[in-house]
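The values are calculated or read from the model by the stated rules, or taken from the named source; none is laboratory data. These numbers were taken from a predicted model, which means no experiment stands behind them. Using ideal geometry, Cβ is built from the backbone for each residue, glycine included, and neighbour counts are taken over all protein chains shown.
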Amino acid sequence: MWDPIWITVKLAFITTLILLIVGTPIAWWLARSKAWWKEGVAAIVALPIVLPPTVMGFYLLIALGPDSPIGQLTTQIFGRTLPFTFAGIVVGSVIYSMPFVIQPIRNAFDAIGERPLEVAATLRASPIDTFFSVALPLARPGLLTGAVLGFAHTVGEFGVILMIGGNIPGETKVLSVAIYDHVEALEWGQAHILSAGLLVFSFVVILSMMVLEKRLGRRLK
Amino acid sequence: MYQCKRIFCLVVFVFAFTSAVMITPPASAEKVSVAVAANFTATAKNLAQAFTVNTGHEVVLSFGSTGKLFTQIIHGAPFEVFLAADRERPKRAEQEGLTVKGSRFTYAQGKIVLWSRDPNRLNLEGTSLEQSGIIESDAITRLAIANPKTAPYGRAALETLTKLGVYEKVKGKIVQGENVAQTYQFAYTGNAELAIVSLAQAALNTGGSHWVVPRELYAPLDQQAVLLKRGAGNNAANAFMNFLKSNEAAVIIRKLGYTIKQE
Amino acid sequence: MMNNMISSDGIIARFSGSLENFDLSAEFTLPCKGVTALFGRSGCGKTTILRCLAGLSHMEQGFLSVKGHVWQDDKSCMPTHQRPVGFVFQEASLFAHLSVKDNLVFGQKRTVGNGSIIELDETVTLLGLEHLLSRSVHNLSGGERQRIAIGRALLSGPELLLMDEPLAGLDKFSKDEIIPYLDRLFKKLDIPVIFVSHDTEEVERLADNMILMDQGKIIAMGPLSEVLSDPTLYIAKGPRTSSVIDVEIVSFSESDRISEVKVDGGVLQIPGQLGPMGSNHRISIAANDVSLAREKPSETTILNVIPTHILNIHLLEGGRVNLLLSIGHQDKKDGAKFIARITQRSLLKFDFTVGQDIYAQIKSVSMVGGSQTV
């Protein structure tokens, strides 16, 4: 029973970390760029919100499989393709949870506006300096929301992992898949324990996020 | 010729559909609602067409995993006939008192095959699978089976591996699909070199190579049907149950990769 | 950094082009010290020019050099963060995530080399920020916020201080509170200041030079007193036209509390003790407060009846006339100039002509540059 929980927490943590590191520059670009095609990129980032997880899972299976360039690359480097590995479900989760992290961060960057950045420039801060010493601190509430949503969404993720995980105990069998197995196998007692735990966890996460956001927001307003 | 037949079927279907919807249906034509296990999808569609042509009754098919359909049925889903992929669920429905007594019977038996998308991999040329050593060879990094806990085909796959004496050796290579369709996708996309799936799936696709697992290696995959109480008074439902036992139905079922249990 | 040098130690600027559907064409040269007001109606392009000077906006065709360093030419444009400018925006725009002190030193920390022109302690004292240092930037008054913003800009060691209507967002009370600080700072610092304003009072109190703009073009520039006393310009045509004159205190009579001040070409008497002997001040004379006479009036309650001569006569709409006067009769050159506003009827009646020696009665004089020059 503890294996799936541990894997889930590990997966959510790593996914969130990657998304914060990769997603923040993307969110910054989306908030600042004047390129005409940027909303196209924004739409691609938002796609996982509307795509059924099984569709994404199937495409990931193809995209990461041995026929694809990515699959051939990973085979050359690691000697195997990514599906049915922990790294594989991390890749899936990163893509699947991406909009939930990037969107709030982008909104936070949008909300900062032009002025503080101009002020920083007149105070000798280079664009990169400005990003780290002004934009990031001011976007803290958005970063927090993004991190919490990304974490929570990864914990609750099911369809994509089912498709590319292969349900391997101790490696890719996450909490939601374990619950599903129990339900399907009519082991409702076990399912109840895990489900209730997930329910309580989600509630606590969302509640604490709202409280924290309110506090941080008040401090920055 | 084949085209003509399809168009004919389509015309009949459209006619049946429109007549059912638009025109007041004749007293003899009724509608039956059938819950079908996902692995039987293609076969059920063929059966429904033939049934409609024969009787004029309309068939509404709903597909899903046996477990999900069963859960829906005990919670009052409006199905009249239940075509499961196993014996257990129809039996439990019977125990719950949801079925018409004595209606439960095995309408088909599933067969499993070892499948690879590589057209040569399972080309054994006379040697037995055990001798070839394919399953345990290093060329196989992933072997996909359906989840044995939830899918009957997964259980059969596990049983086969055990009987072949290779289970301990390949345990680390096994990946599980939620159902047999997903398992097939794993192999179809090349992410798993081998998969144990239903013959019905392998039969749908001409590519790849397969090895039909001998019947003695796994307990029969009896797929049972049951007439639900909701359908008791429905002529179409009763007619459909009878049609399933007919020779015409048996031909279709066999053609699409199942066998018929010899009572 | 660009290393282009040209041999001029002032500010040479030339911008033309259009930015967001606004056409601008401006060219000016300024000395590298003193306070220059960029004055004009709203939407005349003042702010755009200021932003171009800071590199916040970019005009395709432009040239800018400051103290010999080329900041922009046809080929290149130095980004804002490499320009040693201080910029004070209309709203203080303090960083919400930093304390007052961290806001103040934000630019100072990033100043390369010995660019410092003022120390933190001195800035804090000059701007009266001692009690605010450890506070967060929330719940400060508008005046306090703007003072911090000014301090923050100064501490970044600018070679040029730009201010975009720094007082426009403040109420009258905060404005009166902040102007003496600015006055003190400007006199203390040896850097050129350019500030945008559309408020005459502000300009009279703070500026030495003035660039007058209208519809994206510069229509006049020069020392403040000259631009303000040019009767042909639109600012001289308004109802509240006034002129400014720099004065030096020469004596103070304890008995009737009257100060005598020296102006170019003569002496004026002003009620009250204005400051120590020898200190410099700026006074403002409203054009409507001046009346004229051909002969020196023998009996009048007005203190200041001074000999002047007429430099220029300018007819206005509505039967009024602006006369540009120079203090002292014709034999005196370079007298201080100011504008008198009379009616056309009086002009005809007294038959005033250019070059004539007359007497001006100045009903009241107001002090604008309140503090002493150190």
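Tell me whether the stretch A:96-108 contains one or more residues that are within 14 Å of chain C (Cβ to nearest Cβ), over 24 Å from A:F13 (Cα atoms), among the hydrophobic types (A, V, I, L, M, F, W, C) and assigned to a helix (DSSP H, G or I).
Checked against the condition, which is being within 14 Å of chain C (Cβ to nearest Cβ), over 24 Å from A:F13 (Cα atoms), among the hydrophobic types (A, V, I, L, M, F, W, C) and assigned to a helix (DSSP H, G or I), the stretch A:96-108 yields no hits at all.
Taking the stretch A:69-101, which residues are aliphatic (A, V, I, L, M), touching a residue at least 12 places away in the same chain (Cβ under 8 Å) and surrounded by fewer than 23 Cβ atoms within 10 Å (Cβ to Cβ)?
Step one: list which residues in the stretch A:69-101 are aliphatic (A, V, I, L, M), which gives A:70, A:73, A:77, A:82, A:87, A:89-91, A:94-95, A:98, A:101.
This time we only want the ones that are touching a residue at least 12 places away in the same chain (Cβ under 8 Å), so: A:70, A:82, A:89-91, A:94-95, A:98, A:101.
Within the stretch A:69-101, A:I70, A:V90, A:V91, A:V94, A:I95 qualify.
Checking A:H153 against (1) modelled with pLDDT under 90; (2) in contact with a Phe, Trp or Tyr (Cβ under 7 Å, 6 or more places away or on another chain); (3) away from chain B (no Cβ under 12 Å), which single condition isn't satisfied?
Only one criterion is unmet by A:H153, namely (1).
Take the residues in the stretch A:50-80 that are at the interface with chain B (Cβ under 10 Å from one of its Cβ atoms) and in a loop (DSSP other than H, G, I, E, B), then tell me which one is nearest to A:G165 (Cα to Cα).
Checking each candidate, the answer is A:G65.
Specify the residue that is nearest to C:V193 (Cα to Cα); the eligible residues are those in the stretch C:68-80 that are touching a residue at least 12 places away in the same chain (Cβ under 8 Å) and surrounded by fewer than 16 Cβ atoms within 10 Å (Cβ to Cβ).
Residue satisfying both the conditions and the ranking: C:G68.
B:T162 - would you say it is closer than 18 Å to B:D222 by Cβ and of a type in the set (S, T, N, Q)?
No: the conditions fail for B:T162.
State which residue is surrounded by the most Cβ atoms within 10 Å (Cβ to Cβ) when the search covers only the stretch B:38-65 and only residues that are at pLDDT 90 or above and in a strand (DSSP E or B).
B:V59
Considering only residues that are small (G, A, S) and farther than 19 Å from C:H329 by Cα, which ones fall in the stretch C:244-294?
Of the residues in the stretch C:244-294, the ones small (G, A, S) are C:251, C:253, C:255, C:259, C:265-266, C:272, C:275, C:278-279, C:284, C:286-287, C:291, C:293.
Selection gives C:S251, C:S253, C:S255, C:S259, C:G272, C:G275, C:G278, C:S279, C:S284, C:A286, C:A287.
Name the one entry in A:V211, A:V177, A:V204, A:V200 that is among the β-branched types (V, I, T) and facing another protein chain (nearest Cβ under 9 Å). I'd like the intermediate steps shown before the answer.
Numbers: A:V211 fails: facing another protein chain (nearest Cβ under 9 Å); A:V204 fails: facing another protein chain (nearest Cβ under 9 Å); A:V200 fails: facing another protein chain (nearest Cβ under 9 Å).
Going through A:V211, A:V177, A:V204, A:V200 in turn, the sole match is A:V177.
Being on the phi < 0 side of the Ramachandran plot, in contact with a Gly (Cβ under 7 Å, 6 or more places away or on another chain) and within 14 Å of another protein chain (Cβ to nearest Cβ) narrows it down to one residue among B:Q223, B:Q176, B:Q182; which is it?
None of the other options fit; the residue is B:Q176.
For B:V197, state whether it is more than 13 Å from chain A (Cβ to nearest Cβ) and out of contact with any Phe, Trp or Tyr (no Cβ under 6 Å at 6 or more places or on another chain). Before the answer, list the steps.
Working: more than 13 Å from chain A (Cβ to nearest Cβ): yes; out of contact with any Phe, Trp or Tyr (no Cβ under 6 Å at 6 or more places or on another chain): no.
It is false that B:V197 is more than 13 Å from chain A (Cβ to nearest Cβ) and out of contact with any Phe, Trp or Tyr (no Cβ under 6 Å at 6 or more places or on another chain).
Only one residue in C:G142, C:G151 is more than 12 Å from every other protein chain (Cβ to nearest Cβ) and in contact with a Leu (Cβ under 7 Å, 6 or more places away or on another chain), so which one is that?
Details: C:G151 fails: more than 12 Å from every other protein chain (Cβ to nearest Cβ).
After ruling out the rest, the residue left standing is C:G142.
Looking only at the stretch A:184-221, count how many residues are under 18 Å from B:A151 (Cβ atoms) and modelled with pLDDT under 80.
3
With the checklist (1) under 26 Å from C:I218 (Cβ atoms); (2) surrounded by 18 or more Cβ atoms within 10 Å (Cβ to Cβ) in hand, flag the one item C:E60 doesn't pass.
Only one criterion in (1) under 26 Å from C:I218 (Cβ atoms); (2) surrounded by 18 or more Cβ atoms within 10 Å (Cβ to Cβ) is unmet by C:E60, namely (2).
So, of the residues in the stretch B:220-256 that are touching a Lys or Arg at 6+ places or on another chain (Cβ under 9 Å) and closer than 18 Å to B:N39 by Cα, which turns out to be surrounded by the fewest Cβ atoms within 10 Å (Cβ to Cβ)? Give the derivation first.
Looking only at the stretch B:220-256, we keep the residues that are touching a Lys or Arg at 6+ places or on another chain (Cβ under 9 Å), and these are B:220-227, B:234, B:236-237.
Add one more test, that the residue is closer than 18 Å to B:N39 by Cα, and what stays is B:220-226.
On the way: B:P220: 14, B:L221: 23, B:D222: 19, B:Q223: 25, B:Q224: 24, B:A225: 23, B:V226: 25.
By that ranking, first place goes to B:P220.
Look through B:L221, B:L227, B:L244 and report the one residue that is closer than 17 Å to B:V197 by Cα and either modelled with pLDDT of 90 or more or in contact with a strand residue (DSSP E or B) (Cβ under 9 Å, 6 or more places away or on another chain) (or both).
Going through B:L221, B:L227, B:L244 in turn, the sole match is B:L221.
Please verify whether the stretch C:108-121 includes one or more residues that are within 9 Å of chain A (Cβ to nearest Cβ), more than 24 Å from C:D176 (Cβ to Cβ), among the small types (G, A, S) and in contact with a Leu (Cβ under 7 Å, 6 or more places away or on another chain).
Checking the stretch C:108-121: not a single residue is within 9 Å of chain A (Cβ to nearest Cβ), more than 24 Å from C:D176 (Cβ to Cβ), among the small types (G, A, S) and in contact with a Leu (Cβ under 7 Å, 6 or more places away or on another chain).
In this structure, does A:M163 turn out to be crowded, with 16+ Cβ neighbours inside 10 Å and closer than 27 Å to A:T85 by Cα?
Yes; evaluated as a whole, the condition is true for this residue.
So that you can scan it fast, the table gives a plain yes or no per residue for (1) more than 22 Å from B:S246 (Cβ to Cβ); (2) within 17 Å of the chain's Cα centre (by Cα); (3) of a type in the set (S, T, Y):
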{"position": "B:K31", "(1), (2), (3)": "no, no, no"}
{"position": "B:N39", "(1), (2), (3)": "no, yes, no"}
{"position": "B:T43", "(1), (2), (3)": "no, yes, yes"}
{"position": "B:T66", "(1), (2), (3)": "yes, yes, yes"}
{"position": "B:G76", "(1), (2), (3)": "yes, no, no"}
{"position": "B:E80", "(1), (2), (3)": "no, no, no"}
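Kindly evaluate A:E184 against the criterion of being touching a residue at least 60 places away in the same chain (Cβ under 8 Å) and either crowded, with 21+ Cβ neighbours inside 10 Å or closer than 25 Å to A:I89 by Cβ (or both).
So A:E184 fails the test.
When you look at A:A125, is it touching a Lys or Arg at 6+ places or on another chain (Cβ under 7 Å) and either more than 10 Å from chain C (Cβ to nearest Cβ) or under 25 Å from C:L161 (Cβ atoms) (or both), yes or no?
Yes: the conditions hold for A:A125.
Specify the residue that is modelled with the lowest pLDDT; the eligible residues are those in the stretch C:81-99 that are more than 9 Å from chain A (Cβ to nearest Cβ) and surrounded by fewer than 23 Cβ atoms within 10 Å (Cβ to Cβ).
C:Q90
If a residue has to be within 14 Å of chain A (Cβ to nearest Cβ) and over 17 Å from B:V212 (Cβ atoms) to count, how many in the stretch B:147-173 make the cut?
Number satisfying all stated conditions: 13.
Which residues, taken from the stretch B:210-263, are closer than 25 Å to B:F70 by Cβ and of a type in the set (D, E, K, R)?
B:D222, B:K229, B:R230, B:K245, B:K261, B:E263
Taking the stretch A:131-140, which residues are more than 11 Å from chain C (Cβ to nearest Cβ) and either over 14 Å from A:A31 (Cα atoms) or of a type in the set (G, A, S) (or both)?
Of everything in the stretch A:131-140, just one residue is more than 11 Å from chain C (Cβ to nearest Cβ) and either over 14 Å from A:A31 (Cα atoms) or of a type in the set (G, A, S) (or both), namely A:F132.
Please give the number of the condition C:R51 fails out of (1) under 25 Å from C:L127 (Cβ atoms); (2) more than 11 Å from every other protein chain (Cβ to nearest Cβ); (3) out of contact with any Pro (no Cβ under 8 Å at 6 or more places or on another chain).
Unmet for C:R51, out of (1) under 25 Å from C:L127 (Cβ atoms); (2) more than 11 Å from every other protein chain (Cβ to nearest Cβ); (3) out of contact with any Pro (no Cβ under 8 Å at 6 or more places or on another chain): (2).
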